[in-house]
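See below for the structure under consideration.
The values are calculated or read from the model by the stated rules, or taken from the named source; none is laboratory data. All values derive from a computational prediction rather than experimental measurement. Please note: Cβ atoms are built from the backbone with ideal geometry, for glycine as well, and neighbour counts cover all protein chains shown.
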Amino acid sequence: MASLIRSASHGYQINFELEDYAAKGALCHTEGVNCRGEEWPFSNTAGYLEAPVWGEYWHLLALLWFGTDRPGLSQPALDDPANLPAYTVFNRYAGSIRPPAAAWTGAIIALRDGLDAADTARFPEALFGGASQTNTARNAAIVAAFAARGAAQGDAAAATRPPLGSRSPASLNDVGWRVSAGNWGNALAMQLAPNETSIGWWRVGPRAAPYGRFARGFHAASGRTAMSFVLDTRLWGGLPLPAARGVVLTLRLVYFDAGGGVLTLAYDAAGGCAAAATVPLAAAAVVLVPWAKVPAAGAPTAPGSWAEIVINISDGFFGRRCGPRGADIVLSATADTIVHGFEIYRTSTSSPPEPLPPMPTESLVGTIVAAVVVPIGLSSLLVAGYYYYRPRQGDAKVLPLPAESR
């Protein structure tokens, strides 16, 4: 069964996307259903073109959250090699957004803080002004409260419009009406008490890197020094993991190295909660505690850049025994480090991506205008304009675009 979603496939930070999710999100997460959409209207807007790498990457993360596994990607986006990392991540998890759980490769979570002007509990009217979709003064007051951490409102009028109008701002907006406020990903990793343990950031780092459109960070002054996460208990045959199951995982954490402090990553291992990596930020080398499984990513990074820690896990248990909140994974820091998020996936079914094959120029039945074949583990997802074909392993077919789509 296939279902067409509308506003969510046209972008993110769109007014009333919570209503859109309430209407179709559950359906899109139902076994046997596939949800598709069309990105073209969004990818032509000035707001998207202001930072297209951010736009493509975060839109795909939003689609995972919504349950959309068949996005209609635009030709300009497909032609841009800067988007290949986004497509690799999306394709890894597009099959892990609905049952059956046996098909799931892992979990991904991208941290963010969505500013919803309709939330009067978080933004009381006495402090921020009357709660109305058209109250630009309220939106400005909310943005002002977070401006020091990057929040801004590039097109105040667009933020007051209906969904189709709000999807096309002249410049990026960080406040909307009935917009998603939480983290994005495939909903198989969840942050515990996000606002109590971390703070939001916006527009972090260079726009050529995909991660910084949104983020969350530690805040030592308010005691926010540890973030806790739990994994869906249906993953990898069921959690906790028995040692006999022999599951080997890869965990990849992306953070912003602003210099100073120490970042620690811990997970619930067979022997209890253990720190897997302790990283002095902007140090000359990565320092690991004795029980680290593999070195974290090779070359040291300079302050002011995105970096990653990658570890292999062969002794995972994930029985929620880490920290006082009962977590599977805990991040802690001694400084106000900013974090993009992490992914954790079964290595046996999620091999590192191979280079793309040469772009074909014609098929048996016609000329190809725009197409890309992306290897994703056991199969390939081909995206040709708005049309999709998931071939069998080893198969690679190219579909012609209909004339009206060329």
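Restricting attention to segment 191-235, which residues are closer than 18 Å to Pro324 by Cβ and of a type in the set (Asp, Glu)?
Glu196
Go through (1) surrounded by fewer than 24 Cβ atoms within 10 Å (Cβ to Cβ); (2) touching a residue at least 40 places away in the same chain (Cβ under 8 Å); (3) touching a strand residue (DSSP E or B) at 6+ places or on another chain (Cβ under 8 Å) one by one and return the number of the condition Tyr255 breaks.
Every listed condition holds for Tyr255 apart from (1).
Of all residues in segment 207-227, count the ones that are farther than 24 Å from Gln13 by Cα and surrounded by fewer than 24 Cβ atoms within 10 Å (Cβ to Cβ).
8
Right, Arg216: in contact with an Asp or Glu (Cβ under 9 Å, 6 or more places away or on another chain), outside any strand (DSSP E or B) and in contact (Cβ under 8 Å) with a residue 40 or more places away in the chain or not?
For Arg216, the condition - in contact with an Asp or Glu (Cβ under 9 Å, 6 or more places away or on another chain), outside any strand (DSSP E or B) and in contact (Cβ under 8 Å) with a residue 40 or more places away in the chain - is not met.
Report yes if Glu56 is charged (D, E, K, R), within 28 Å of Arg207 (Cα to Cα) and free of Cβ contacts under 8 Å to residues at least 60 places away in the same chain, otherwise no.
no
Just one of (1) assigned by TED's automatic domain parsing to the domain that holds Pro76; (2) farther than 30 Å from Leu249 by Cα; (3) among the charged types (D, E, K, R) trips up Arg149, so point out which.
Of the numbered conditions (1) assigned by TED's automatic domain parsing to the domain that holds Pro76; (2) farther than 30 Å from Leu249 by Cα; (3) among the charged types (D, E, K, R), the odd one out for Arg149 is (1).
Assuming Ser350 fulfils every condition listed in (1) at pLDDT below 95; (2) out of contact with any Lys or Arg (no Cβ under 6 Å at 6 or more places or on another chain); (3) not charged (D, E, K, R) apart from one, which condition is it?
Here Ser350 clears every test but (2).
Checking Arg224 against (1) touching a residue at least 40 places away in the same chain (Cβ under 8 Å); (2) among the basic types (Lys, Arg); (3) touching a strand residue (DSSP E or B) at 6+ places or on another chain (Cβ under 7 Å), only one condition comes out false. Which one?
So Arg224 meets the others, but not (1).
From the list Trp291, Trp236, Trp202, which one is modelled with pLDDT under 95 and of a type in the set (Phe, Trp, Tyr)?
None of the others qualify; the one that does is Trp291.
I need the helices (runs of 4 or more DSSP H) fully contained in segment 61-144, keeping only those with at least 1 residues that are surrounded by fewer than 16 Cβ atoms within 10 Å (Cβ to Cβ), out of contact with any His (no Cβ under 9 Å at 6 or more places or on another chain) and of a type in the set (Asp, Glu).
75-79, 125-128
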